[in-house]
Amino acid sequence: MQNRAMREYATRRGWRIVLQVKEIGSGASQRERRELLLEAARRREIDVVLVWRLDRWGRSVTDLLATLQELEHLGVGFVSLTEALDLTTPAGRAMAGLLAVFAEFEREILRERVRAGLAHARQNGQRLGRPLTAALQADQVQKLYRTGVTKAEIARRLQMGRTSVRRILKERTER
C-alpha cells in the first residue's frame, strides 16, 4: 500500500524513481538500506527523498535532524507523503522538527509501557521468553544417551535440535 501510494505521488510530480529502499526491522540501529540511499544522495544521484511517514526515516530526533540537515546541505529535497511535508520550505522544516519530537515521545511512551508490562508479568510469577520445549525432554535425552544412542539420533527421535541435545547433556554432566 505504501509503495503504491508513493509511486503514484512520484508519477504525479513527474519524478523518476531511481532507488527504492525498504527497511525490514522496525528498531534497527544500523539501517543499511537507508545508508545506501544517503550514499546515493552524496553522489548526487537523487534530487528528492520521498518517505511514507517521517518516523520511517528517523528513529530519534537526533538521527532525524542530522540526516535531514545532511540532505539539505546536499541540496536533496525531502517529502513525507502522509504528513504532506515538503522540507524544501522553512515552514516544512519547522513542522518536521515538531513531528519528530512527538514521534520520539510516542516511542518512549510505548517503550515504558512495554517495560512496565514485563515487570508486572514477572512480579505475578509469569515466565517470560521462549517456552522450555527441549528442557522438558531432558530426562529422555539422558536416558537415550546412557543407552549408547548418538546425539544426532537423539535429536531425530525426539524432534529437537542437536544443539539442544548437546546443551542438555553438558548441563547434566556439570551438575
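Here is a check on your reading of the model: is Q123 polar (S, T, N, Q), at negative phi and buried (at least 18 other Cβ atoms within 10 Å of the Cβ)?
Here the answer is no, as Q123 does not meet what is asked.
Output the number of residues of region 43-66 satisfying the condition of being closer than 15 Å to G92 by Cα and β-branched (V, I, T).
3
Please give the number of the condition L132 fails out of (1) modelled with pLDDT of 90 or more; (2) closer than 30 Å to L169 by Cα.
All conditions are met except number (1).
Just to be sure before I move on: is A40 touching a Phe, Trp or Tyr at 6+ places or on another chain (Cβ under 8 Å) and more than 22 Å from R107 (Cβ to Cβ) in the structure I sent?
Considered against the rule, which asks whether it is touching a Phe, Trp or Tyr at 6+ places or on another chain (Cβ under 8 Å) and more than 22 Å from R107 (Cβ to Cβ), A40 comes out as no.
Go through region 140-151 and give me each residue that's free of Cβ contacts under 8 Å to residues at least 12 places away in the same chain and farther than 15 Å from T173 by Cβ.
Once the filter is applied, which keeps residues that are free of Cβ contacts under 8 Å to residues at least 12 places away in the same chain and farther than 15 Å from T173 by Cβ, region 140-151 yields T147, G148, V149, T150.
Could you go through region 42-54 and let me know if any residue there is among the basic types (K, R), surrounded by fewer than 17 Cβ atoms within 10 Å (Cβ to Cβ) and under 17 Å from N3 (Cα atoms).
yes
Looking at G92, G58, which is the one that is over 23 Å from the mean Cα position of the chain (by Cα) and modelled with pLDDT under 85?
G92
Kindly indicate whether G161 is exposed (fewer than 12 other Cβ atoms within 10 Å of the Cβ) and out of contact with any Gly (no Cβ under 9 Å at 6 or more places or on another chain).
It is false that G161 is exposed (fewer than 12 other Cβ atoms within 10 Å of the Cβ) and out of contact with any Gly (no Cβ under 9 Å at 6 or more places or on another chain).
Take A84 and tell me if it is at pLDDT below 80, over 18 Å from the mean Cα position of the chain (by Cα) and not charged (D, E, K, R).
Spelling it out, it is not the case that A84 is at pLDDT below 80, over 18 Å from the mean Cα position of the chain (by Cα) and not charged (D, E, K, R).
Which members of region 126-142 meet the condition of being assigned to a helix (DSSP H, G or I), of a type outside the set (S, T, N, Q) and surrounded by 12 or more Cβ atoms within 10 Å (Cβ to Cβ)?
A135, A138, V141
Please work out which residue is surrounded by the fewest Cβ atoms within 10 Å (Cβ to Cβ), limiting yourself to region 84-120 and to residues that are touching a helix residue (DSSP H, G or I) at 6+ places or on another chain (Cβ under 7 Å) and acidic (D, E).
D86
Which fully enclosed helices (runs of 4 or more DSSP H) of region 1-118 have 1 or more residues being among the small types (G, A, S) and in contact (Cβ under 8 Å) with a residue 40 or more places away in the chain?
Helices (runs of 4 or more DSSP H) meeting the threshold: 2-13.
The values are calculated or read from the model by the stated rules, or taken from the named source; none is laboratory data. Worth saying up front: this structure is predicted, and the values here are computed from it rather than measured. Quick reminder, even Gly has a Cβ in these numbers, built from the backbone with ideal geometry, and neighbours come from all protein chains shown.
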